[in-house]
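Working notes, structure below.
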Protein chains: 2
Amino acid sequence: MLAVMNTMVSGTTLAEVAAAIGDTARANILAALMDGRALTAGELAWHAGVSAPTTSGHLARLRQAGLVAEERQGRHRYHRLAGPEVAHALEALMAVAASGPPRHRPTGPRDEALRAARTCYDHLAGRLGVGLADALQARGHVVIADGAGSLTEAGGRFLSGALGIDLAAARSGRPLCRTCLDWSERRPHLAGRLGAALCARCFELGWIEPVRDSRAVAVTEAGRRGFAEAFGLAF
Amino acid sequence: MLAVMNTMVSGTTLAEVAAAIGDTARANILAALMDGRALTAGELAWHAGVSAPTTSGHLARLRQAGLVAEERQGRHRYHRLAGPEVAHALEALMAVAASGPPRHRPTGPRDEALRAARTCYDHLAGRLGVGLADALQARGHVVIADGAGSLTEAGGRFLSGALGIDLAAARSGRPLCRTCLDWSERRPHLAGRLGAALCARCFELGWIEPVRDSRAVAVTEAGRRGFAEAFGLAF
DNA sequence: GCGACGCTTCGGCCGCGGCCGAAGCGTTCC
DNA sequence: GGAACGCTTCGGCCGCGGCCGAAGCGTCGC
């Protein structure tokens, strides 16, 4: 009972960070930012379901915890996740949340849209994300082993050739191809710079489009054809 | 402000899990369990710095959140982390906590011991853990790429030959070689089944020993020789 | 069977913090 | 300059939940 100062090295701040996430309104704010975009306080207030003053307080706290960063631009202030580690931690927590007690959560249509295809910080998740990872792996374009992925030579040629993804730009900095446990599918999808590039390219090609006020993405008609041709996916 | 039901799909439970972690006493309990062992409520009360009744309540809450599992054995009840995902989420949160505001945290001797060498759930972390990962990588025994590791053939021979690590037993189930961001070194160390096997073998060989009431491990005289010979590490 | 022991449940206290409306501050637009 | 706008700060209310001591319950040892 007199330990207190013992494991506190990480303890206190671990608790601080977790407590910052551990409130419904703030968790909703963070979830809204998980698509990697920067939103204004007003938009976040809407997502969180609380008033502007309350949101302001929450944002201050999230900032102090190092979870979100603020960017001032004229009379607007944009808020975004502080970095990829934050998105990673949130994703890990969601995986724990989803793996927890198998209590029946009502599965609404919105939920279904999210499970089908959504963005996860800067890459694709849901059945689409997992499907892409599976397809790339099945064709030997990516080797998913030991919990992470590596792009093969054939994979590099395929992505730059057939899809026009510039991998030279993605070579440095963040890991090229991390995997990320999908909380809805409970299987890995592709994250890292490859995942981000792939996602961005799908938007560019008009294969997917954002769904208003949601992290879900809609697969367009062009996307249905594209995913079928390039990856053999039926969407 | 009327969104509420919107991104709540993951929101509510994300908040629940985070809130369960976000209390000093509970964070201390979880940190104490991070070495993968199962502890009794009494021991955890000591670690948390609160009374037995309070600890009991905390454990109930952690269990309900799916973070901790209970094992009854006679008049004792052992508590352990519910699974590797939980350890992973905690590690990710610690990384965020460590990366946050670079405020000066007092760095005591205990802290120094933890930074030198400690267990992280079931594998090694700190300078020792990162050093082992670096050495294995430098010699081509492990390829750390894209945020995860793969064991090479030479690496397999080295580990089974020179160290006597039975990798056949580690072939199935959890990923063989994940990497895990070290919160003190801010660089990856080896986790997954390889990390666990390596850690266990170091204990078996008497190279490291547990430090009482801490996740830190001490490198023995034999360990100093062993790590130098096998990995070229000075400890 | 009886006490010792480990832990949980109960009851009550108290403070932290989430919530809002009103007011204040800074930016932009005209 | 003045009004509109977006956001933050302030003040006050209220309830959740962390804390403990005391009592209860199950297990073990003699």
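The values are calculated or read from the model by the stated rules, or taken from the named source; none is laboratory data. What you see is a predicted model; the values in this text were computed from it and never measured. Glycine gets a Cβ as well: all are built from the backbone with ideal geometry, and neighbour counts include every protein chain shown. Surface areas here come from the heavy atoms of the whole protein model, side chains and all, with no ligands, DNA or RNA. Shrake-Rupley method; radii C 1.70, N 1.55, O 1.52, S 1.80 Å.
For A:GLY83, the distances from its label point to the matching points in the remaining copies are 2.9 nm, ordered from shortest, with each point set 7 Å beyond Cα toward Cβ. For segment B:10-82, the per residue solvent-accessible surface stands at 41 Å², with DNA, RNA and ligands left out and a 1.4 Å probe. Could you give, in nm with one decimal, how far A:ALA200 is from each other copy of that position, shortest first, with labels 7 Å out from Cα toward Cβ? List, nearest first: 4.3 nm.
Heavy-atom accessible area with a 1.4 Å probe sorts A:GLU70, A:GLU204, A:GLU16, largest first, into A:GLU204, A:GLU16, A:GLU70. For segment A:12-82, the relative contact order comes to 34 percent (Cα pairs under 8 Å, sequence separation of at least 6).
When all protein chains stay in place and ligands, DNA and RNA are ignored, the 1.4 Å accessible-area order of A:GLU185, A:GLU112, largest first, is A:GLU112, A:GLU185.
In nanometres and ascending order, the distances from the A:SER56 label point to those of the other copies are 4.6 (point 7 Å from Cα along Cα→Cβ). Computed from the Kirkwood radius of its Cα pairs, the Stokes-Einstein diffusion coefficient for segment B:10-82 at 37 °C and 0.692 mPa s stands at 271 µm²/s. Sorted largest first by accessible area at a 1.4 angstrom probe radius, with every protein chain in place, the residues B:THR40, B:THR24 fall in the order B:THR24, B:THR40.
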